[in-house]
Amino acid sequence: MQRHYHSKGSYLVENYAKEHRESAFSAKQIVDYAKEQNVNINTATIYRNLEKMASEGMLLKTKGQESDSVFYQFVSEHIDCHNHLHARCRNCGKILHLEHD
């Protein structure tokens, strides 16, 4: 049986995602947040945790249209989040879930 190890970094990333569940966010925003909270965490740790959460289906991972930036959003309340379209507001970053047959 595999044990899940929760580090300071994984808690920080997960908490940030939950606190910003209605908006898309970048890894850089979490890096800045960690600095504001005086949490010393390696940028690679943040990226690793974001990728892990995305692969586990906890985060939706999208690429920006105008750049190579990657954005994430917490998807817990949207069970079938991978089965519908998403639109991201360019002004506020909010993700809209578009469901239609």
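Every read-out reported here was derived from the displayed coordinates using simple, explicitly stated rules and does not represent laboratory data. As the structure is a computational prediction, the values presented were derived from the model and not from experiment. Glycine gets a Cβ as well: all are built from the backbone with ideal geometry, and neighbour counts include every protein chain shown.
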Compute the distance in nm between two label points, each set 7 Å from the Cα along the Cα-to-Cβ direction, one at Val31 and one at Ala44. 1.4
Using 7 Å Cα-to-Cβ label points, what is the Lys18/Glu56 separation (nm, one decimal)? 1.2
